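Following: one structure in structure tokens, then a few remarks.
The values are calculated or read from the model by the stated rules, or taken from the named source; none is laboratory data. A quick note: this is a predicted structure, and the numbers were derived from the prediction, not measured. Positions of Cβ are backbone-derived with ideal geometry, glycine not excepted, and every protein chain shown enters the neighbour counts.
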Amino acid sequence: MNLQVSIGFMIVIFSLTTKFSVAQMYEDFWELTAPKACKANGQFCLMNGECCSKFCVNLKCSKCSEDGDWCTFNSDCCSGFCVNLKCGPCKKDGEFCVLNSDCCSNYCTLLLSCTCYKDGNVCVRNKDCCSKYCIYLSCDQCLKKGRTCLFDSDCCSNYCSFFTCIFVNLTKRYIKATGIQFLQQNVHSL
């Protein structure tokens, strides 16, 4: 039984036990569930999806905001960038930023600058580094097998076991036994 038929059946039963008419209840039901037309520019809105333009800016449906216009979210702007509450182009390397999304590189360092750090520079997070590896507070390449590590993410293999990068070879050997498949893993420490 589909949902509308089920709800319709419940409305009939409910109307027989109350003072509400079936017609009034059906009208109320369709008013709540019928798809609504999108709102024109200038009408009140809470979300982008309510507007025909797909832009709800400052609680009103509107066209996307141009560079220099006031904004709250990246999605308010035609350029896709809301930087320091104004629509505009993304920030280039070396420019001031607050959020990763402010930067063309999508990296805003803890020093509030758009850029990623080269190997050898001081870092705090993996995403601060161009290489994506911040190891012992320094940008570096991933650690090869046998090197000392703290986290799985320090190692090229993504496996750190007992403070040593290890190589994990996942060999798929399917063994069919009574219809069940098993996956055998070989772990090699170097």
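Among the listed residues 94, 68, identify the single one that is farther than 24 Å from residue 129 by Cβ and either part of a loop (DSSP other than H, G, I, E, B) or touching a residue at least 40 places away in the same chain (Cβ under 8 Å) (or both). Show your work before the answer.
On the way: 94 fails: farther than 24 Å from residue 129 by Cβ.
Unique residue meeting the criteria: 68.
Does residue 145 satisfy being part of a loop (DSSP other than H, G, I, E, B) and in contact with a Phe, Trp or Tyr (Cβ under 7 Å, 6 or more places away or on another chain)?
yes
All but one of (1) farther than 30 Å from residue 55 by Cα; (2) crowded, with 16+ Cβ neighbours inside 10 Å; (3) modelled with pLDDT of 85 or more; (4) in contact with a Leu (Cβ under 8 Å, 6 or more places away or on another chain) hold for residue 131; which doesn't?
With (1) farther than 30 Å from residue 55 by Cα; (2) crowded, with 16+ Cβ neighbours inside 10 Å; (3) modelled with pLDDT of 85 or more; (4) in contact with a Leu (Cβ under 8 Å, 6 or more places away or on another chain) applied to residue 131, the lone miss is (4).
Output the residue which, of all residues in region 138-190 that are at pLDDT below 90 and out of contact with any strand residue (DSSP E or B) (no Cβ under 9 Å at 6 or more places or on another chain), is nearest to residue 124 (Cα to Cα).
180
Do we find that residue 64 is buried (at least 16 other Cβ atoms within 10 Å of the Cβ) and under 21 Å from the mean Cα position of the chain (by Cα) in this structure? Let's see the steps before the verdict.
On the way: buried (at least 16 other Cβ atoms within 10 Å of the Cβ): yes; under 21 Å from the mean Cα position of the chain (by Cα): no.
Here the answer is no, as residue 64 does not meet what is asked.
What tally of residues in region 94-126 results from selecting those that are of a type outside the set (S, T, N, Q) and under 23 Å from residue 66 (Cα atoms)? Break it down into steps so the answer makes sense when it comes.
Initial filter on region 94-126 (of a type outside the set (S, T, N, Q)): 94-99, 102-104, 107-108, 110-112, 114, 116-120, 122-125.
Still in the list and also under 23 Å from residue 66 (Cα atoms): 95-99, 102-104, 114.
So the answer is 9.
Among the numbered criteria (1) surrounded by 17 or more Cβ atoms within 10 Å (Cβ to Cβ); (2) over 30 Å from residue 168 (Cα atoms), which one does residue 41 miss?
Looking at each condition in turn, residue 41 falls short on (1).
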